[in-house]
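**Student:** Structure in structure tokens, see below.
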Amino acid sequence: MEETVIVQPKELHQLIQTKLEKSGLKPEHANEVAKHLVFADANGIHSHGAVRVDYYAERIAKGGVTLEPKITFEKTGPSTGIVHGENGVGQFVALKSLEYAMDVAKESGVAVVGVRRMSHSGALSYYVKKAAEQDLIAISMCQSDPMVVPFGGKENYFGTNPIAFAAPRKVGDPVVFDMATTVQAWGKILDARSKNKDIPDTWAVDSEGKPTTNPHDVHGLLPIAGPKGFGLMMMVDILSGMLLGLPFGKNVSSMYNDLTKGRDLGQIFILIDPKRFTDLEQFKENIETMVSDLHAIPVAEGFKQVYYPGEINQLNFENYMANGIPIATAIYDYLTSDTIHFNQYGGSNAFAEKE
Ligand code: NAI
């Protein structure tokens, strides 16, 4: 097992903020990215937590993030809008866009707000949870770089295009479901490569489009549930990219190719005020009922209990925020070092082997 250290959320936040400020990000933006990454690690979404700081710092230092973006809000109808992010740091642009969308949804009952030209915005649960904490139902989706073979194909086209959903509930924190539309994240392949460990043949394909168990042969990731995940990732790309006039499919910019240029990515927020459709309190009680119903389902062999979708992350969050978050020792060592970034991402092909 990977070596980890337990880090208190406040310390982790401070370390991330300092590193990002040193790379050039202004304090307000660095603070928002730090909040986001601590949230991700606290949820157990380590693929989108502090592990990203080195890459973000390198992109920021090399000019691939606009340090003073003029974020503008364009209302295009009673419930629609576009936010122009000017390739500002993704987490800050996404948060401002969400706040704008929440105002629109509260005013008109629903909001469909697209974010144009932003950098990577991380774990989408962060945003939808915030909306659900204000009694809104929220969906968010975003594009990511082309790393996935279409069903039946052997060249990559779509990204790992995630979908997140949240709804408010009566007693507990909102229910939040958040997933990539690939079987596994790219980070899991990298992890298997570093340990020289086989992967299940359901995760990825080689350059011939054949399922592979060798992480070093991976050329493309596989969509969840074959053609169904393939369809979902198409939907995400159409809604969060093409609809906003952005590059789509294989033309979405790559995370590592050119760190001196903005990524021009897109994200979409779809918010619904439940009050416009039903009694809000009853709705929130019904979510509680659904949670208890699921907990009461008899457990199949090999399982401990039925968790509602997203519950595992919520349990992590409660535990880690109170008791500290496990962070890979190598990441902690980097965060506490004087190195701003290791210069290991620029110009690299994600699928190439690192020496
Ligand atoms: P995952 O596979 O760990 O979990 C997916 C969902 O399934 C979660 O809501 C989780 O709570 C739920 N789940 C897992 N095990 C469960 C169980 N036993 N019972 C009930 N529910 C269960 O997540 P994945 O797909 O690896 O995504 C991780 C993160 O990566 C997400 O936050 C996503 O937004 C982010 N992401 C961001 C991208 C970007 O470009 N910004 C691209 C791709 C992913």
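The values are calculated or read from the model by the stated rules, or taken from the named source; none is laboratory data. From a predicted model like this one, the values you see are computed outputs, not experimental measurements. Cβ atoms come from the backbone with ideal geometry, glycine included; neighbour counts cover every protein chain shown. Each accessible area value is taken on the protein alone, full model and side chains, heavy atoms only, with ligands, DNA and RNA left out. Shrake-Rupley method; radii C 1.70, N 1.55, O 1.52, S 1.80 Å.
**Student:** What pairs can you find where one residue is in the stretch 280-291 and within 10 Å of Pro168 (Cα to Cα), the other is among the aliphatic types (A, V, I, L, M) and not in a helix (DSSP H, G or I), and their Cβ atoms are less than 7 Å apart, with a gap of 6+ or different chains?
**Tutor:** Pairs found: Ile287/Ala167; Ile287/Val175; Glu288/Val171.
So that you can scan it fast, the table gives a plain yes or no per residue for (1) open to solvent by 50 Å² or more (accessible area, probe 1.4 Å); (2) in a loop (DSSP other than H, G, I, E, B); (3) under 27 Å from Asn257 (Cα atoms):
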residue	(1), (2), (3)
Gly44	no, yes, no
Asp54	no, no, yes
Glu58	no, no, yes
Pro69	no, yes, yes
Lys75	yes, no, no
Glu86	yes, yes, yes
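**Student:** Here is a further query. If I filter the stretch 154-186 down to residues being farther than 22 Å from Gln314 by Cβ and either assigned to a strand (DSSP E or B) or at pLDDT below 95 (or both), which single residue comes out as farthest from the ligand (Cβ to nearest atom)?
**Tutor:** Here is the first cut: in the stretch 154-186, the ones farther than 22 Å from Gln314 by Cβ are 154-161, 182-183, 186.
With the extra rule that they be either assigned to a strand (DSSP E or B) or at pLDDT below 95 (or both), the set shrinks to 154, 158, 182, 186.
Numbers: Lys154: 22, Phe158: 11, Thr182: 7, Trp186: 8 Å.
Across the stretch 154-186, the extreme among qualifying residues is Lys154.
**Student:** Could you look through the stretch 127-143, keep only residues that are open to solvent by 10 Å² or more (accessible area, probe 1.4 Å) and either out of contact with any helix residue (DSSP H, G or I) (no Cβ under 9 Å at 6 or more places or on another chain) or without any contact (Cβ under 8 Å) to a residue 40 or more places away in the chain (or both), and pick out the one that is nearest to the ligand (Cβ to nearest atom)?
**Tutor:** Lys130
**Student:** Which residue, of Val218, Val252, Val236, is touching a residue at least 24 places away in the same chain (Cβ under 8 Å), in contact with an Asp or Glu (Cβ under 8 Å, 6 or more places away or on another chain) and either under 22 Å from Ile82 (Cα atoms) or open to solvent by 20 Å² or more (accessible area, probe 1.4 Å) (or both)? I'd like the intermediate steps shown before the answer.
**Tutor:** Values: Val218 fails: either under 22 Å from Ile82 (Cα atoms) or open to solvent by 20 Å² or more (accessible area, probe 1.4 Å) (or both); Val236 fails: in contact with an Asp or Glu (Cβ under 8 Å, 6 or more places away or on another chain).
The conditions single out Val252.
**Student:** If Leu124 meets every condition in (1) closer than 19 Å to Leu243 by Cβ; (2) surrounded by fewer than 24 Cβ atoms within 10 Å (Cβ to Cβ); (3) hydrophobic (A, V, I, L, M, F, W, C) apart from one, which number is that one?
**Tutor:** That leaves (2) as the condition not met.
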